Amino acid sequence: MSDEIPAWIAKDSLDIGLFTNQLEPMLRFWQDEVGLPFDHMLPVGGGVRQHRHDFNGAVLKLNHARDPLAPASYGGFQRLIIAQEGRTQTRDLEDPDCNRVQLVSRGEAGIEHWAIEVAARDAESFLGHYHHSLGLPRVQGQLAVRCGRSLIIGLVRPDIADDTDSDDLRRTGFRYTTIQVDKVDSVHAGAVERGAQEAAAPQTLGKTARISFLKDAHGNWMELSQRASITGSLDPG
């Protein structure tokens, strides 16, 4: 498969979703320490408000939950690596919830935008979902796939890969990625047919978006989103 953006992807970057009970400290970290500009707040229901931050066209979705969240998983998403123009030194950080973040110079290790690392028991289980089921192109020479400018990197960690507490999306920490697609229903159905696990069937959220959720072999969540402001239509056909 080529390194080009698949035709079904509607935005050339991956969005990242995390949950927290610590709104103010988390806002200070992501805005002041990392430097992500706040865009707007979106109520998403169930006592959760999503504080959306921009990173070169992608969105960090900081979901603040009213009710107490269970602790983060050992497995699952391990670290967010953010490439910054003009940075000369790598900086390793942890946010108030102990989510690991690394700031690197643009182009380091082939990262031009941002990359999320995810634990996998082996290369086959990682590629089975992200490459074969979803159809994201592989990155040459790495255990990684590309979603436009963003990367998903597989870390072979059989000791923790399945410890993801996958039944509950709302836990502290990095919990899901989002790909903006042209038609959720067809992309979702195709991925499931090729072996992806369905976590939530396609549904329409008012006039904002039509979304669904998939899981990889280790229970990590991925949202497929057909957002009206990007695609112009929520038509499932």
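The values are calculated or read from the model by the stated rules, or taken from the named source; none is laboratory data. For clarity, every value in this text was computed on a predicted model and none was experimentally measured. Ideal geometry is used to build each Cβ from the backbone, glycine not excepted, and the neighbour counts take in all protein chains shown.
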Members of the range 162-210 that are of a type in the set (Gly, Ala, Ser) and over 25 Å from ALA65 (Cβ atoms): SER186, ALA189, GLY190, ALA191, GLY195, ALA196
Count - residues of the range 129-145 that are part of a strand (DSSP E or B) and closer than 26 Å to THR20 by Cβ: 0
Qualifying position, being at pLDDT 95 or above and among the aliphatic types (A, V, I, L, M), among ALA72, ALA120, ALA109: ALA120
Residue selected from the range 146-170 under the condition aliphatic (A, V, I, L, M) and part of a loop (DSSP other than H, G, I, E, B), by the criterion farthest from ALA200 (Cα to Cα): ILE160
Wholly enclosed strands (runs of 3 or more DSSP E) of the range 16-94 bearing at least 3 residues crowded, with 17+ Cβ neighbours inside 10 Å, in contact with a helix residue (DSSP H, G or I) (Cβ under 8 Å, 6 or more places away or on another chain) and in contact (Cβ under 8 Å) with a residue 40 or more places away in the chain: 58-65
Residue check, GLY148 in contact (Cβ under 8 Å) with a residue 40 or more places away in the chain and touching a strand residue (DSSP E or B) at 6+ places or on another chain (Cβ under 9 Å): yes
Enumeration of residues in the range 198-237 that are free of Cβ contacts under 8 Å to residues at least 40 places away in the same chain, part of a strand (DSSP E or B) and of a type outside the set (A, V, I, L, M): GLU198, PRO202, GLN203, THR204, ARG210, SER212
Any hit, the range 183-204, residues being among the basic types (Lys, Arg), modelled with pLDDT of 95 or more and within 17 Å of the chain's Cα centre (by Cα): no
Test result for GLY141, free of Cβ contacts under 8 Å to residues at least 24 places away in the same chain, on the phi > 0 side of the Ramachandran plot and surrounded by fewer than 21 Cβ atoms within 10 Å (Cβ to Cβ): yes
Matching residues, the range 175-193, being in a helix (DSSP H, G or I) and under 23 Å from SER73 (Cβ atoms): ALA191
Selection count where residues are buried (at least 17 other Cβ atoms within 10 Å of the Cβ), more than 20 Å from GLN89 (Cβ to Cβ) and either without any contact (Cβ under 8 Å) to a residue 24 or more places away in the chain or among the hydrophobic types (A, V, I, L, M, F, W, C) (or both), scope the range 100-138: 8
All positions within the range 1-15 that are among the aliphatic types (A, V, I, L, M) and in a strand (DSSP E or B): ILE9
